Amino acid sequence: MVADTVVRPAARRGRAEVAGGALDGERRRLYLPLLLPALIAYLLFFVLPSIFGVVLSFAEWSGLGTEFSWVGLANYAELLSSRMFLSSFLNTVLLTSIVGVALFLIAVAAMVALRTARAGAFIRSAVFLPFMISPIAVGLAVSFLFNPKGMVNSLLGLAGLDALRQPWLGPELIFQVIMAGVVWSAAGFYVVLVMSAVDGIPPSLYEVARIEGATLIQQFRYVTLPLTRDMIATAAALWAIAGIKTFEIVIAFVGTAGTPPLEARTLAVEQYLRVTGGRVGGMAQLGEAAAIGVVMTAITVGLIVSSRRIQRRDRLEWS
């Protein structure tokens, strides 16, 4: 009897393991057919074009019907000696860094103020609205506002502050105006992103902090910030990608007047000009454009890795 009671559970476990193994086998056989279409699309539309772009950066080519010739590192050497590329590179780094800091400060202010604000949901929707507008429309609107005869200078004149009126779209100030437009357009997205993490923090943690006498700033430092660090790192990575690719708003400032001035160009704009032949006699410089793309990718990866290392901490959880 004892042997019978011991063997029967073992037999049942054996049958369950066989059934589970058969089910796992069926699942494994389904993985490849379900994964294969997405894998093929990923290889065709992302991996292969990326590899071709890297290969093209070592060649000189102006498109179909022109000669494809290997030039080695000549494209990269030309970029390092090009005043236009170096200016675009510096502008891109400055825009990504300065606008990134501004967006972080705005997000921090939102995490402190909107968490307890009665109209928090309305404010989030209001600040998110500019992000929904096309960057081209944002660029045109900002350029109209800061036009020499635009609203900004007109309001300054009406207020008797003629000394503050500036040629905002001149070479000295145009890039600062572009950065202001980017901040206005992008801030809402990152505010909503970090606030989604704040909403997930249990209210009981703030109640305990208040009982202990913590101020709003202390609650942010010891409760909100540690528990939203992962979302802040995600937001930083997303901004690094978006900042390096800044393009439409710069083009919108120029409209149909021609190519953007050197003081306002980013790497994406410089790459576009070399692809379309806007730089050298109407001939596309696809090899140089591909080299710029490789540089942009390297900068993006470097910024993402740096931000992750700076914010790397032990994962915090609550129960």
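What follows is calculated from the coordinates using simple rules that are stated; it is not laboratory data. Given the structure is predicted, the values throughout are model-derived calculations rather than measurements. Positions of Cβ are generated from backbone atoms using ideal geometry, with glycine treated the same way; all protein chains shown enter the neighbour counts.
Ranked by Cβ crowding within 10 angstrom, fewest neighbours first, how are Y222, Y272 ordered? Don't skip to the end; give the middle numbers.
On the way: Y222 14, Y272 19.
By the 10 Å Cβ count, ascending, the order reads Y222, Y272.
Cα centroid distance between the range 263-277 and the range 45-75, in Å?
18 Å
For every helix of n ≥ 4 consecutive DSSP H residues, a contribution of -39,500 (n - 2.57) applies; sum these over the chain, divide by its total residues, and give [θ] at 222 nm rounded to the nearest 500 deg cm²/dmol. It would help to have the intermediate numbers written out before the result.
Working: 14 runs with 218 residues, N = 319.
Rounded to the nearest 500, it is -22500 deg cm²/dmol.
Would you list the membrane-span-like helices of the chain, meaning whole DSSP H runs whose alpha-carbon atoms span at least 30 Å along their axis and whose mean Kyte-Doolittle value is at least -0.5?
Working: long enough: 2-42 (60 Å, 0.17); 83-113 (44 Å, 1.99); 174-199 (38 Å, 1.82); 286-310 (36 Å, 1.39).
Once both thresholds are applied, what remains is 2-42, 83-113, 174-199, 286-310.
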